[in-house]
1. Any chance you could list P(r) for the stretch A:1-134, counting all Cα-Cα pairs in 10 angstrom bins from zero, rounded to whole %?
2. Which is farthest toward the positive dipole end of chain A among A:F107, A:V40, A:Q97, measuring Cα position about the Cα centre, with Cβ charges +1 (Lys, Arg) and -1 (Asp, Glu)?
3. Return the residues of the stretch B:212-244 for which accessible area with all protein chains present is lower than in the chain on its own by 30 Å² or more; set the probe to 1.4 Å and exclude ligands, DNA and RNA.
4. With N residues in the stretch A:105-171, what two-decimal value do you get for its Cα radius of gyration over 2.2 N^0.38 Å?
5. Take the alpha-carbon centre of the stretch B:1-20, take the same for the stretch A:174-235, and report the distance between them in whole Å.
6. Highest mean first, how do A:166-175, B:158-167 rank when packing is the count of other Cβ atoms within 10 Å averaged over residues?
7. Can you find, among A:H213, A:G310, B:T256, the residue farthest towards the positive end of the dipole of the protein assembly as shown? Put +1 on the C-beta of Lys and Arg, -1 on that of Asp and Glu.
8. Calculated from DSSP H runs of 4 or more alone, at -39500 (n - 2.57) each and per residue, what is the 222 nm mean residue ellipticity of chain A, nearest 500?
Amino acid sequence: MEQLLQVDNLVTQFRTAKGKLKAVRGISFSVKAEETLCIVGESGCGKSITSLSIMGLLPSNGEISQGSIRLGNEELVGKSDERLREFRGNKMSMIFQEPMTALNPVFTIGFQLREPLRIHKNMTKKEATAKSIDILTKVGISSPEKMLNQYPHELSGGMRQRVMIGMALACEPSLLIADEPTTALDVTIQAQILDLIDTLKSEMGMGVVFVTHDMGVVAEVADRVMVMYAGEVVEVGTVDELFSNPGHPYTKGLLAAVPNVDDVDQDLSIIPGSMPSLDDQITGCRFHSRCPYAMDVCKEKTPPSFKVSGTQEVKCWLQEVDNNGKSTTSSGSGEIKEILSN
Amino acid sequence: MIGLIVRRFIQLLLLLLGISFLVFMSMHLAPGDPATVIGGPTATASDLEAIRKDLGLDRPVLVQYVDYLGGILHGDFGYSFQTNQSVSDAIITRFPNTLKLATASMVVAVIIGIIAGILSAMKQNSWIDISSTTFALAGVSIPNFWLGTMLILIFAVNLQWLPVGGLSSPIYTIEGMKQLILPAITLGTASAALIARMCRSAMLEVIKSDYIRTARAKGVKQKSVIWIHALRNAMIPVVTVIGINFGGLLGGTIITEQVFAINGVGRLMIDAIAARDFPVVQGTVLLVAAIFVIVNLIVDIIYAFIDPRISYD
Ligand SMILES: Nc1ncnc2c1ncn2[C@@H]1O[C@H](COP(=O)(O)OP(=O)(O)OP(=O)(O)O)[C@@H](O)[C@H]1O
Ligand SMILES: [Mg+2]
């Protein structure tokens, strides 16, 4: 099946007082229609910046310095903001983490919902209102007519996130990027929102990029998973592959860090050490200083991506050792859990 | 909304009561006797005594105050010691000039301030931003009387484009508009500067917010993002500044009216203070206080229109 979104060797950098710093360091991935790709990784690894790069919504000091982003047949990198604007909210949409602040407090829900329809579909106010009622019904709002005249502060967080989803999907985009859309919500609401996104995905046949650092959410929504670390993709594979046979020590660490619901006191940040900052000069693998398996080669040479299967790729020297017949990774999983839980 | 207006009205009455008491007492306790001003240098002690008796100033101060309040209840604000004109008439003939001046200055200040603020926020650190922030700094530091005098020198005396002073022609005539330009700039500059500054920082703050990112993610045009999504939110703190600033603007009318020889309430008040014309001082001070409260009520009402989260019920 043809790719809907194809990102190749994307580099995004920021102009800062310390010079140009790369937040995304040459990542490649793709998403098909009706597929959910989860991007996971610790805070600051570049998940949001990757999403914003696709949308063309980078902060003013950020820029894409290399690479290609193709949506369908269109190359997005290099397009003017005005051209990208015609894609945003239309062919691709994004929803954000904070439903409490993501809606404009001084305009009615109706105004904000009609906006994309009027901009992209040239609807009259009346047509847009009718469509807005449809949309609100679709995202599970029970009295949509009433809600059109309400303001965001009159709605709960879950309701607002439903409205956000409705707004994002109003023009039936082919790609939805959801950046931690449920992190700010409580658990029952979270489950409802995940269901909603999943249902609408199959209904509309869109591709979804779902950013999260919650492995529980990944298990629930992902078809494929991409693990990011310090601006790079360290592992990608189907959700089954990643959970049953994680190839990268970092992925294993993330999986070991999944909270056990029966044990509320356990420490969640059990990968020792912390991620390098953007201006740290690192030779070799960017994870080696935290990696319990780090070998000499890891400190010297950047690992390439090793293909583990037709769908799984791992950027780790251990995979090379593996290919030579010595099996370190299969026993690694248990071992790392032991190390990490000490 | 009705509740707010009623509350504010009661507040206004209490405020006016307090102010009238303070002004009354301070006028009577401060040195300077109206009788000597009216009688002139040749008046004898018995002349002065007669004048005081005539004006009712020989009675105890509190009795005079209660008497004054009683008059107000009947719409009688007393009579000028100097001209014997009723205080309400004296104010009513001058108030239109002051109102014209204050309104024109505020309009100038709001338009220039908001446009300058937005442009400099949008083009941060560009020459527009630098000149507008410099203007804002200069605007608040330059004293009114100096700015007024300079404007008169340049545009009235040297270039002779505009009249030197006065505000007697009706506003809808060319002459009336011309008379208003220099005083409005003089009085409005400081407020424009404050509004520009507030508007700039409010815009910079709002532009960073999540809902602006949402608007852009929806594909809203850059122009609408700024002039619709951002501006309305940025106006909330700006309106506060405008409201607070209006008090300063009213104070500024006094000086501006002097500089441009405008026969307004400010000049009436200054002349009355100099002449110890108690009833006129009282009347003008109460008027200014009332305007201040009413303007703040208007600001609160505007608030509720801009920001749906504000409810006064
Ligand atoms: N405007 C900016 N200027 C400079 N650096 C930035 C800017 N925005 C983000 N960064 C940096 O880019 C890196 C990636 O940030 P990003 O927001 O993508 O992280 P994230 O993976 O989404 O984290 P989180 O889980 O906390 O949302 C971080 O190190 C961050 O500090
Ligand atoms: Mg993020």
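1. 10, 34, 34, 18, 3, 0
2. Towards the positive end, the residue furthest out is A:F107.
3. Checking the loss per residue gives B:R213, B:T214, B:R216, B:A217, B:K218, B:G219, B:V220, B:K221, B:I228, B:H229, B:R232, B:N233.
4. Values: Rg = 10.6 Å, N = 67, 2.2 N^0.38 = 10.9 Å.
Against the compact-globule rule of thumb, the ratio is 0.98.
5. So the separation of the two Cα centres works out to 56 Å.
6. Working: A:166-175: 23.0, B:158-167: 14.2.
So the order, starting with the most tightly packed, is A:166-175, B:158-167.
7. Towards the positive end, the residue furthest out is B:T256.
8. Working: 14 runs with 127 residues, N = 342.
That comes out to -10500 deg cm²/dmol.
The values are calculated or read from the model by the stated rules, or taken from the named source; none is laboratory data. Note that the structure is predicted; figures quoted are calculated from it, not measured. Every residue, glycine as well, gets a Cβ built from its backbone with ideal geometry; the counts of neighbours run over all protein chains shown. We work out accessible area using only protein heavy atoms, side chains counted, and drop any ligands, DNA or RNA first. Shrake-Rupley method; radii C 1.70, N 1.55, O 1.52, S 1.80 Å.
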